[in-house]
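Input: a single structure, listed below in structure tokens.
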Amino acid sequence: MARIRRRSSADRFRTSEPAAGEAADQAAEEAADEIASIAAEMEHWDGPAEADPSHPRERGRQRLASLAGVLARGVGRGGRTAARGATVGMRTLSDRLLDAAPRIPVRSLATLRDQHPSAADREQLADRLTTGAVRASAAVGAGVGAAAMMPTPPAMPVEIAAETLAVAAIEIKLIAELHEVYGVRAPGGATDRAGAYVNAWTNRRGIDLTRPVGMTALRLSGELKQQLRRRLTRSSLRKVPSLTPLLIGAGIGAGVNSRDTRRLAQKVRDDLRGRPPDQEGYWAAARPPSGPDDRRP
């Protein structure tokens with residue numbers, strides 16, 4: 001009689017391990033795409049008026065709920081409904097941000113001038129971009145406060161992680177486009193430039209031209225990754241008050257994010273103003289073909 005061998009718990013674990021790894025990889029990819037798409041929405045906020053008529057708090061809540069669900073799957077807790085009690089560590093946050101950074105769409109100066117032809121100089125254009133980033137980060141902060149009002153809210157640690165990553169992506173996009181506006185683009189290809197802008201976000205200043213940091217160096221350097229994790233930790237701790245219920249947290253979250261993003265933009269702009277552009281006449285060379293009025297409503 002053939003002997004029936006029972007599967008041990010170790011055998012079952014070995015069988016499920018590849019499937020779990022594939023699911024985690026897929027969740028990481030989804031998170032990176034979601035983070036990048038939230039940053040891309042900043043483009044709808046930097047016009048003279050909000051292009052999207054939907055309520056910013058509700059819009060922010062929906063996007064954060066989606067990102068929180070993806071993050072929860074990435075830490076092995078199932079879907080959004082099973083997210084309660086899940087936590088996302090700083091190592092995971094830094095990995096997701098580094099995955100997302102090269103996917104964040106950065107508009108060239110020519111594109112920015114075409115979208116904002118009434119901006120007469122780089123300062124006016126930088127003002128528009130700053131306003132858009134502040135509006136977007138405020139909407140994200142208000143979204144977390146609104147989520148705290150839900151009868152069965154998602155796990156708060158995951159919500160804070162989602163808000164931290166979303167605001168970081170918005171601010172990284174802002175930093176990259178401010179470098180375009182001031183004519184000081186990071187060297188290298190798109191991936192290396194993304195690494196340089198993440199490092200600039202970590203240090204709250206323009207890119208370091210004397211020691212440029214690409215994505216490979218950022219991923220391999222333990223010191224640089226530790227700096228990034230410390231910055232993410234500080235950012236996440238500042239967002240905890242947004243969880244205050246009764247919609248008070250929505251106002252707190254919006255206010256904290258607005259101030260932080262505006263302060264970051266001011267620091268980066270002050271730094272970039274003191275640097276010579278990569279090419280003389282770069283502003284005139286990117287003159288848009290459109291008329292003097294903004295195309296945006």
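The values are calculated or read from the model by the stated rules, or taken from the named source; none is laboratory data. Source: prediction; values computed, not measured. Glycine also receives a Cβ, built like all others from the backbone with ideal geometry; neighbour counts cover every protein chain displayed. Heavy atoms of the whole protein, side chains included, go into the accessibility calculation; ligands, DNA and RNA do not. Shrake-Rupley method; radii C 1.70, N 1.55, O 1.52, S 1.80 Å.
Observations, loosely collected:
- Condition check for ALA100: surrounded by fewer than 18 Cβ atoms within 10 Å (Cβ to Cβ), in contact (Cβ under 8 Å) with a residue 12 or more places away in the chain and among the hydrophobic types (A, V, I, L, M, F, W, C): no
- Filter pass, ASN199 being open to solvent by 60 Å² or more (accessible area, probe 1.4 Å), at pLDDT 90 or above and either under 24 Å from ALA284 (Cα atoms) or not hydrophobic (A, V, I, L, M, F, W, C) (or both): no
- Residue in segment 275-289 that is open to solvent by 90 Å² or more (accessible area, probe 1.4 Å), modelled with pLDDT under 80 and either within 24 Å of the chain's Cα centre (by Cα) or over 22 Å from THR131 (Cβ atoms) (or both) present: yes
- Number of positions in segment 103-143 that are part of a helix (DSSP H, G or I), of a type in the set (Ser, Thr, Tyr), surrounded by fewer than 19 Cβ atoms within 10 Å (Cβ to Cβ) and touching a residue at least 12 places away in the same chain (Cβ under 8 Å): 1
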